[in-house]
Amino acid sequence: MALLVALVPMFAWGSIGLVSGKLGGDANQQTLGMTMGAFIFSLGIFFVMRPSIDMLTIMIGFISGLFWFVGQNGQFHAMKAMGVSVGLPLSTGMQLMLNTIAGAIFFHEWRHGRDFILGFLALALLVAGAYLTSRKDPNGKSKPEAGMKMYDFGKGFRFLFISTIGYGLYTIIITWAGLDPLAIILPQSIGMLTGALCFSARKVAFDKYVWRNITSGLLWGIGNICMLLSIQTVGLAVGFSLSQMGIIISTLGGIFLLGEHKTKKEMFYVIIGCLLVIFGGILLGYMKALS
């Protein structure tokens with residue numbers, strides 16, 4: 001059951017880039033709309049579940065939310081610069097490296113030699129899969145065809161580096177605190193919304209695109225509560241890694257739903273990359289079954 005809960009973020013978070021891409025708006029509008037949706041979701045959870053909240057939960061949740069804002073805003077900017085089918089897989093690979101290593105080293109989730117062997121093998125599969133899904137064909141067209149967007153890989157990668165730090169601290173601080181996931185999501189969403197309002201409000205036109213992107217925030221909220229619950233049972237290294245398998249959905253969706261161009265060789269890379277991600281996720285599940 002715990003592994004099934006851990007897989008919910010795969011579908012919820014894997015769809016966010018596609019949903020936001022379809023809903024439209026710039027990166028700041030998408031971030032603000034998403035934080036508004038996440039706040040609405042967490043408010044509903046709070047009034048239904050009535051969790052107990054103390055000052056430590058409020059502080060940790062708020063700080064975690066601010067780190068999340070840095071991560072998500074950077075990821076949206078990266079996807080604008082690189083495309084969803086390139087930016088999100090790279091973002092996933094970088095996050096997996098940071099969170100898996102943090103879970104293994106700082107939280108001692110890998111206790112035996114077998115755990116390290118299987119864990120690093122699973123991580124290698126996931127990172128290799130993420131790399132292949134974003135790999136470019138060196139013999140492909142250097143300029144887009146008419147009507148196709150030109151992407152800036154260097155600019156996107158700079159945003160991804162900042163995004164990875166923010167996303168990593170957002171999950172690591174919660175795992176370190178060991179607080180009730182149902183209690184932490186409301187102050188966390190307040191931190192997210194505060195970050196979006198402070199850093200993006202002056203740049204954002206409050207038009208239909210902000211309100212539309214509330215939908216992506218509701219999707220994120222569902223994935224977030226399931227990820228936090230799964231971390232308590234299967235650990236940060238496994239729970240977070242399984243949640244990131246959504247790159248399969250986002251990568252293929254970016255190609256077939258958002259019309260991001262791929263050469264035949266790049267499509268081959270994408271298929272092999274997705275298979276490696278699946279195998280890596282299966283290996284993580286097998287690791288948990290052995291423990």
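Taking a point 7 angstrom from the Cα of Met49 along the C-beta vector, which residues in the stretch 57-77 have backbone N less than 18 Å away?
Residues passing the 18 Å test: 57-65.
With a cut-off of at most 11 other beta carbons within 10 Å, and DSSP calling the residue loop, which chymotrypsin sites (Phe, Trp or Tyr not before Pro) in the stretch 48-126 qualify? Please list them. Spell out each step's value before the answer.
Numbers: sites: Phe62, Phe67, Trp68, Phe69, Phe76, Phe106, Phe107, Trp110, Phe116, Phe120; in loops: Phe106, Phe107, Trp110.
Within the stretch 48-126, no chymotrypsin sites (Phe, Trp or Tyr not before Pro) qualify (loop, at most 11 other Cβ atoms within 10 Å).
Going 7 Å from the Cα of Ile162 in the Cα-to-Cβ direction, what parts of the stretch 57-86 have a backbone nitrogen less than 20 Å from that spot?
What the label zone holds, given the 20 Å backbone N cut-off, is 63-84, 86.
Rounded, prolate or oblate: which one fits the stretch 193-233, using the alpha carbon gyration tensor with axes a ≥ b ≥ c (rounded when a/c is under 1.5, else prolate when a/b beats b/c, else oblate)? Numbers along the way, then the final one.
Details: a/c = 6.38, a/b = 2.04, b/c = 3.12.
Judged from the Cα gyration tensor, the stretch 193-233 comes out oblate (a/c at least 1.5, b/c at or above a/b).
What FRET efficiency comes out for Phe206 versus Met97 if R0 is 35 angstrom and r is the Cβ-Cβ distance? Round to the nearest 0.05. Let's see the in-between values first.
Values: r = 37 Å, r/R0 = 1.05.
In this case the efficiency is close to 0.40.
Take every Cα pair under 8 Å in the chain that's 6+ residues apart, average their separations, divide by the length, and report that relative contact order as a whole percent.
Relative contact order of the chain: 45 percent.
With every protein chain left in place, what is the accessible area per residue of the stretch 43-165 in square angstrom, probe 1.4 Å? Before the final figure, lay out the partial values.
On the way: 6470 Å² over 123 residues.
With the other protein chains kept in place, the stretch 43-165 gives 53 Å² per residue.
With a 1.4 Å probe and all protein chains kept in place, how much accessible area does Trp220 have, in Å² rounded to the nearest 10?
10 Å²
Name the long-range amide H neighbours of Lys136: under 5 Å, sequence gap of 5 or more, or other chain; modelled H, no Pro or chain starts.
Distant-sequence amide H within range of Lys136: zero hits.
For the ranges 91-98, 208-215, what's the packing order if you count other beta-carbon atoms within 10 Å of each residue, average per peptide, and put the highest first? Kindly include the intermediate steps, with their values, before the conclusion.
Working: 91-98: 24.1, 208-215: 18.8.
Most protected by this proxy first, the peptides run 91-98, 208-215.
With a cut-off of 20 Å, note down the residues of the stretch 247-263 whose backbone N falls inside the zone around a label point 7 Å from the Cα of Asp137 toward its beta carbon.
251-263, by backbone N distance to the label point.
Whole number please: convex hull volume per residue, Cα atoms of the chain, in Å³. Each step should come with its number before you reach the end.
On the way: hull volume 34.9 nm³, N = 291.
Cα convex hull per residue, to the nearest whole number: 120 Å³.
The values are calculated or read from the model by the stated rules, or taken from the named source; none is laboratory data. These figures come from a predicted structure and were not determined experimentally. Methodologically, a virtual Cβ is constructed for each residue, glycine included, from the backbone with ideal geometry; neighbour enumeration extends over all protein chains shown. Accessible surface areas use protein heavy atoms only, side chains included; no ligands, DNA or RNA. Shrake-Rupley method; radii C 1.70, N 1.55, O 1.52, S 1.80 Å.
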